[in-house]
Amino acid sequence: MNTLSIQSKDNYLVVQLDRGKANALNQEMINELRQLIRNTEADDAIEGIVLTGKPHFFSGGVDLLEVYYYDSEGIRNFWGSFLQLATEMLAFSKPLIASITGHSPAGGCILACACDYRVMAIGDKYQIGLNEMAVGIAPRESILHLYSFWIGQRKAYQYLLEGYLMNGKEALEIGLVDELVPLDQTLIQAEQKMQQYLKLPKSAFRQTKKSLKGGLVQAMSANFEQDLELLHQQLMSKESRTIMGQVVQFLESRKG
């Protein structure tokens, strides 16, 4: 795979997001993550996935420098497949643990929220949260369901409206992440949690996970096509394109 580095352990995978400095999400990475989830679900020899990033970044979110220039159908396909990825990760029956190795805003936060357990690196500069509002993207109701599953509906409502990003300490206090550890211990702790999960009765674990997340999976899937069409219309609006264009212009100037 071009955007993922995969290491096989005895009975689980360590999958590193591996696309540039910030692991920005594009269509290729979404496609590869979806294929990984499907393949692992079907493979009885693999019992779980630890998803990790690189030092200082888990994922910086959507690669606006690429996605902004997709045509209308490409933008619709990208966001549709991204929302489907989040739902498929939630429905994954095996343990799925996030090793959050730094910044994890927007799409990176959604990937982390779709996991069962989140270990985040300590560091006041590292931020996590859903700040789509700041770049002209209006999160759909399905994302509110996902966010509020972990941090409660009131906080999710407030933070989504404000596009609020938080540091690790704040994220731990409200339940968005489960552990804060030094950066060099993040993957180690995530793997220890995986090993703990894999000692539990397999069938009971998977049935319990399905029971606990079944309602959320349904909420994420409900009215999918209608929800996607509303998102597409919003993303193609003059307001949204103007804001995203300004962000892209700024990012491109920094590259130069």
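Report, to two decimal places, the Cα Rg of the chain normalised by 2.2 N^0.38 Å (N = number of residues). All intermediate terms of the calculation are to be shown ahead of the outcome.
Values: Rg = 17.3 Å, N = 256, 2.2 N^0.38 = 18.1 Å.
The value comes to 0.96.
Can you work out the base-10 log of I(q)/I(0) for segment 85-187 at q = 0.10, 0.19 1/Å, using the Debye formula on its C-alpha atoms alone? Ignoring solvent entirely, the Cα scatterers give -0.24, -0.89.
Give me the accessible area per residue for segment 160-256, probe 1.4 Å, as a whole number in Å². Numbers along the way, then the final one.
Numbers: 5990 Å² over 97 residues.
With the other protein chains kept in place, segment 160-256 gives 62 Å² per residue.
When the alpha carbon coordinates of segment 136-216 are projected onto the principal axes, the ranges are 42, 34, 21 Å, largest first.
Expressed as a whole number of Å, what is the distance separating the alpha-carbon centroids of segment 1-58 and segment 146-175? After rounding, the separation between the Cα centres reads 25 Å. Taking 1 over the mean of 1/r across every pair of different Cα atoms in segment 1-120, what Kirkwood radius in Å do you get? Answer for segment 1-120: a Kirkwood hydrodynamic radius of 14.2 Å. Apply the a/c threshold of 1.5 to the C-alpha gyration tensor of segment 206-256 and tell me whether it is rounded, prolate or oblate. Because a/c hits 1.5 or more and a/b fails to exceed b/c, segment 206-256 counts as oblate.
Just how large is the dipole of the chain about the Cα centre, in debye to the nearest 20, putting +1 at every Lys and Arg Cβ and -1 at every Asp and Glu Cβ?
Numbers: 25 positive and 29 negative charges, 84 e Å.
Once rounded to the nearest 20, the dipole reads 400 debye.
Please report the carbon-and-sulfur percent of the accessible area for segment 1-111; probe 1.4 Å, protein heavy atoms only, DNA, RNA and ligands left out. Here carbon and sulfur together make up 47 percent of the probe-accessible area.
For the pair segment 188-256 and segment 84-108, the centres of their Cα atoms are 7 angstrom apart. Each Lys or Arg adds one and each Asp or Glu subtracts one; over the other residues with Cβ under 9 Å from the Cβ of His56, this totals +3.
For segment 36-156, the per residue solvent-accessible surface stands at 33 Å², with DNA, RNA and ligands left out and a 1.4 Å probe.
Net charge within 13 Å of Pro139 by Cβ-Cβ distance, Lys/Arg positive one each and Asp/Glu negative one each, not counting Pro139 itself? Could you put the intermediate results ahead of the total?
Numbers: positive: Arg140; negative: Glu132, Glu141, Glu162, Asp227.
My count for the surroundings of Pro139 gives -3.
Mind ranking Glu191, Glu41 by accessible surface for me, highest first, 1.4 Å probe? Walk me through the numbers before you get to the answer.
Values: Glu191 25, Glu41 70 Å².
So the residues, ranked largest to smallest area, are Glu41, Glu191.
Estimated from helical segments only, the mean residue ellipticity of the chain at 222 nm is -17000 deg cm²/dmol, where each DSSP H run of four or more residues counts as -39500 (n - 2.57).
Roughly what angle does helix 186-198 make with the longest principal axis of the chain, taking Cα atoms, 0 to 90 degrees, to the nearest 10? Approximately 50 degrees, to the nearest ten.
Is segment 184-230 rounded, prolate or oblate when judged by the Cα gyration tensor, a ≥ b ≥ c being the square roots of its eigenvalues, rounded requiring a/c under 1.5 and prolate requiring a/b larger than b/c?
On the way: a/c = 5.70, a/b = 1.77, b/c = 3.22.
Here segment 184-230 falls in the oblate category.
The values are calculated or read from the model by the stated rules, or taken from the named source; none is laboratory data. Computed from a predicted structure; not experimentally measured. Cβ sites come from the backbone with ideal geometry, for glycine too, and all protein chains shown count toward neighbours. Just so you know, the surface numbers come from the protein's heavy atoms only, side chains and all, with ligands and any DNA or RNA stripped out. Shrake-Rupley method; radii C 1.70, N 1.55, O 1.52, S 1.80 Å.
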